[in-house]
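*Asks:* I'd like to ask you about the structure that follows.
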Amino acid sequence: MNIIDKLKSLGVEITPEIEKAFPGEFVSDLEVQKKNDKIATLENEKKDLETKQENLEKELQTMKDAAPDADALNQKIADLTATLETERKERKEKDEIARLDSLVTDFFADKHFVNAITADAIKKQLVETLNSDEARGKSVSDLFDAIVKDEKGNYKPDILIDDKTFQAQQNRSQIVGNNIGQPDGAKLSMAELMKLKNQNPDMDITPYLRRGKEKK
């Protein structure tokens with residue numbers, strides 16, 4: 001309601017000075033308080049939004065600043081995972097090589113090689129072959145024969161020796177080990193030589209008999 005109209009309704013004489021002093025609509029104190037409260041609420045809401053926006057911007061900046069560290073951490077995790085996987089793979093390969101080495105050692109139990117160097121070389125080659133795709137569908141014996149035999153199926157020279165030759169070598173080693181004809185005079189007796197001869201008919205003891213006579 002207009003203030004002037006309100007005053008007129010109350011019987012107040014309105015002079016030009018009063019009309020100038022109270023232009024516009026009449027607003028009660030309650031309405032003014034409501035408007036002020038609304039303004040205050042809006043201002044508080046505005047401040048709250050501004051605070052939230054500032055906090056969000058700070059959070060986003062923190063995330064941006066932390067991104068390089070996060071990338072570095074993820075890279076470290078990836079590197080560590082790869083290292084562990086490599087170690088597991090290497091451990092598995094070593095265990096498999098050890099198993100195959102034991103398998104070949106057992107297989108060689110009745111095999112006689114010309115020397116230890118040859119035996120080690122053939123063993124290494126056989127283990128490597130067993131650990132490859134070439135071993136699929138083949139036995140240890142098949143793979144071994146492929147290494148030590150030629151295309152005609154005959155044993156290659158200077159790899160294996162037969163049981164008789166191996167036994168003769170063992171006997172010669174035993175005689176040498178008994179110091180026949182050594183400077184101190186130690187030697188096998190005739191009975192001992194004959195016993196070896198009876199055990200190994202193919203062994204030639206003549207050189208040792210001759211050496212014993214020369215010593216006398």
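*Asks:* In the set Leu73, Leu80, Leu42, Leu49, which member is surrounded by 10 or more Cβ atoms within 10 Å (Cβ to Cβ), at pLDDT below 75, in a helix (DSSP H, G or I) and of a type in the set (A, V, I, L, M)?
*Replies:* That would be Leu73, the only listed residue that is surrounded by 10 or more Cβ atoms within 10 Å (Cβ to Cβ), at pLDDT below 75, in a helix (DSSP H, G or I) and of a type in the set (A, V, I, L, M).
*Asks:* If I go through segment 112-140 residue by residue, how many of them are under 28 Å from Gln169 (Cα atoms) and open to solvent by 50 Å² or more (accessible area, probe 1.4 Å)?
*Replies:* As a first pass, look at segment 112-140 and keep what is under 28 Å from Gln169 (Cα atoms): 112-127, 140.
With the extra rule that they be open to solvent by 50 Å² or more (accessible area, probe 1.4 Å), the set shrinks to 114-117, 120-121, 124-125.
Total satisfying the criteria: 8.
*Asks:* If you don't mind, another one. For segment 141-155, enumerate the residues that are among the basic types (Lys, Arg) and loosely packed, with under 13 Cβ neighbours inside 10 Å.
*Replies:* So the first thing to find is which residues in segment 141-155 are among the basic types (Lys, Arg), and the list is 149, 152.
Lys152, the sole residue that qualifies.
Every residue, every condition in (1) of a type outside the set (Gly, Ala, Ser); (2) modelled with pLDDT under 90, yes or no:
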| position | (1), (2) |
| --- | --- |
| Leu126 | yes, no |
| Thr129 | yes, no |
| Asp133 | yes, no |
| Ser139 | no, no |
| Asp142 | yes, no |
| Tyr155 | yes, yes |
| Gln167 | yes, yes |
| Gln170 | yes, yes |
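*Asks:* So which of Lys92, Lys58 ends up being modelled with pLDDT under 85 and either assigned to a helix (DSSP H, G or I) or touching a strand residue (DSSP E or B) at 6+ places or on another chain (Cβ under 8 Å) (or both)? It would help to see each step written out before you state the result.
*Replies:* Values: Lys92 fails: modelled with pLDDT under 85.
On inspection, the qualifying residue turns out to be Lys58.
The values are calculated or read from the model by the stated rules, or taken from the named source; none is laboratory data. Everything numeric here is computed off the predicted structure, so don't read it as measured data. All Cβ positions, even for glycine, are placed from backbone atoms using ideal geometry, and neighbour counts span all protein chains on display. The protein model used for the area step is the full one, side chains on, heavy atoms only, and it has no ligands, DNA or RNA in it. Shrake-Rupley method; radii C 1.70, N 1.55, O 1.52, S 1.80 Å.
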